[in-house]
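Please read the structure below before turning to the comments.
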Amino acid sequence: MKINPGQLAQSLSKTLAPVYLVSGDEPLLVQEACDQIRAKAREAGFRDRQVFHADQHLDWGSIRDELSALSLFAEQRRIEVHLPTGKLGDGRDVIEQALLKPADDILLLLISVRLEAAETKRKWYKQLQKNGVHVTVWPIDSDKFASWLQQRARSKGMTLTQGALDMLTERLEGNLLAASQELERLALLSTDKTINEDAVEQAVQHSARFSIFELITDILAGRAAHAHRVIASLKQEGENALGLLAMLTRDLNTTVELKQALTRREASGAFLKKHGVFQPQRARAIEQAGQRLSRQQLHQALTLCSDADRAAKGFGDLSPWHHLGNLATLLSR
């Protein structure tokens with residue numbers, strides 16, 4: 001069954017499926033959908049959690065063993081598999097088997113970027129449609145972003161004046177994760193529930209000197225020297241790298257797809273709009289990266305993103321910022 005994030009709460013209130021796939025290129029909405037599923041699973045007794053990342057380090061045999069192992073003390077388990085490229089690769093047989101006859105004591109959660117059309121025609125996906133739920137996350141259209149922003153503010157007990165709404169809409173350029181962070185900052189800094197232009201300006205002054213969006217643009221543009229300074233600043237400020245990595249991985253995957261589209265002589269502008277890239281600055285960065293970078297560089301960059309993601313979650317001895325520094329250097333060549 002395929003549903004959108006708005007239908008997820010109602011679906012979870014009826015029954016808990018044995019398998020969920022959450023896919024899309026909006027990190028915030030993907031994360032929130034996964035959090036809803038996790039919360040419902042915990043309520044249902046699935047408290048033990050194991051997380052796997054489908055990168056070059058993953059041994060799919062370990063997932064097969066976990067999916068087939070009997071739970072000790074009749075514990076119910078959640079097994080999460082992150083798919084940074086949207087493809088199962090060597091793990092296709094493992095997931096197909098798990099989907100064919102889902103275990104009663106295991107909830108399987110697959111978390112992915114937007115799936116390519118070819119992947120939805122494979123046997124594992126068709127089996128998922130029968131026994132599980134696919135939550136498809138799509139970008140918010142640019143003409144609906146202001147309404148989404150106002151609704152998000154109201155959910156936090158705030159109301160944006162028209163002036164404040166216009167300022168934030170222009171400044172955030174449709175970036176949902178940035179919008180969520182900006183509203184969190186406004187909620188902390190403002191004592192008034194009605195947010196005007198002055199409150200927005202004050203919040204801007206409290207923003208970090210370097211932003212993660214600036215860093216993503218620098219990396220895609222090959223500006224390694226400046227990117228390294230931004231990385232050092234974000235690391236020093238204690239910034240969490242996971243949000244940055246989700247957005248960077250999304251844009252690198254879009255760049256890979258753009259290169260494929262260009263070989264088919266598709267117009268880059270039409271391709272980017274079709275894939276939900278409406279912000280002018282982001283569109284320019286991806287378009288230029290698609291023309292400048294090789295497929296090999298982009299795939300190596302995605303591997304480094306996966307390494308950084310693992311490091312941010314406590315795997316390995318190096319920090320995620322180390323891998324991001326290597327990535328910035330790689331894409332500057």
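The values are calculated or read from the model by the stated rules, or taken from the named source; none is laboratory data. Note that the structure is predicted; figures quoted are calculated from it, not measured. All Cβ positions, glycine included, derive from the backbone under ideal geometry; neighbour counts span all protein chains shown. For the accessible areas, the whole protein counts, side chains as well, though only heavy atoms, and no ligand, DNA or RNA atoms are used. Shrake-Rupley method; radii C 1.70, N 1.55, O 1.52, S 1.80 Å.
Summary table
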{"read-out": "Per-q log10 I(q)/I(0), the chain, q = 0.11, 0.12, 0.13 Å⁻¹ (Debye; single scatterer per alpha-carbon; no solvent)", "value": "-0.79, -0.94, -1.09"}
{"read-out": "Computed accessible area, Met167, all protein chains, 1.4 angstrom probe, square angstrom", "value": "60"}
{"read-out": "Accessible-area composition of the chain, carbon plus sulfur, in percent [1.4 Å probe]", "value": "48"}
{"read-out": "Residue of Val22, Val137, Val94 that the Gaussian network model of the chain assigns the largest fluctuation, springs spanning Cα pairs under 10 Å", "value": "Val94"}
{"read-out": "Cleavage-rule hits, trypsin sites (Lys or Arg not before Pro), segment 172-249, DSSP coil, Cβ neighbours within 10 Å at most 15", "value": "Lys193, Arg209"}
{"read-out": "Cβ-based net charge around His53, under 13 Å, with every Lys or Arg adding one and every Asp or Glu removing one", "value": "-3"}
{"read-out": "Pairs from Lys87/Lys130; Lys40/Lys273; Lys193/Lys273; Lys87/Lys235 whose Cα-Cα separation, in the structure shown, is over 29 Å", "value": "Lys40/Lys273; Lys193/Lys273; Lys87/Lys235"}
{"read-out": "Solvent-accessible heavy-atom area per residue, rounded to whole Å², over the chain at 1.4 Å", "value": "50"}
{"read-out": "Mean Cβ count within 10 Å, highest first, over the residues of peptides 25-36, 268-279", "value": "25-36, 268-279"}
